[in-house]
Amino acid sequence: MKLLSPLIILVLTAMLVFDYFPALSDIVPIPIGVFIFIVIALIVINVIFNKNIEHTYNEKKSLKSNLLLTGYFIVLMVVLTLLGGKSVTGISLDNGILWMLILFSVVNTILRWRRATRESTSAN
């Protein structure tokens, strides 16, 4: 089931590309509802199958993944903007709410990282 997470990221990337370049929908006519359905279906499938798999949770690895994913979408928005795209829905780098969410996410990740580091050093 490790394939589902990259598929979700791929579909979200495609949604962002279509948002920045709406003329692409004339070339590849995929309704936004299809993208949303695919993302929701993949998330549900991922949750169902991961619930039954016994695995050890690694807090630091999860936090690194969060930062990497946040960075990926920021870089993607920069690239799409540099290619001449403009977001139709407002998910762009000049959106203050987006930057507040990014800041909250990064600060939360840093605080959780510090707590995980403290707990791992106190456990040893």
Farthest towards the positive end of the dipole of the chain, among M100, T81, S65 and with Cβ unit charges of +1 on Lys and Arg and -1 on Asp and Glu, lies the Cα of S65
So the angle from the long Cα axis of helix 96-123 to the longest Cα principal axis of the chain, reported in degrees to the nearest 10, equals 20 degrees
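Assuming R0 = 30 Å, can you tell me the calculated FRET efficiency for the pair V78 and S122, based on Cβ-Cβ distance, to the nearest 0.05?
On the way: r = 40 Å, r/R0 = 1.32.
It comes to 0.15.
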Quickly work out the I36-to-R115 label distance, labels modelled 7 Å from Cα along the C-beta direction, and quote it in nm with one decimal. 3.3 nm
Relative pair counts by distance (%), Cα atoms of the chain, 5 Å bins: 2, 9, 15, 17, 18, 16, 11, 7, 4, 1, 1, 0
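Can you give me the Rg/Rh ratio for the stretch 57-124, using Cα atoms for both radii and the Kirkwood formula for Rh?
Ratio of gyration radius to Kirkwood radius: 1.14.
Read-outs throughout are calculated quantities, based only on the coordinates presented, and are distinct from any laboratory measurement. For clarity, every value in this text was computed on a predicted model and none was experimentally measured. Here Cβ is always computed from backbone atoms with ideal geometry, including for glycine, and neighbour counts include all displayed protein chains.
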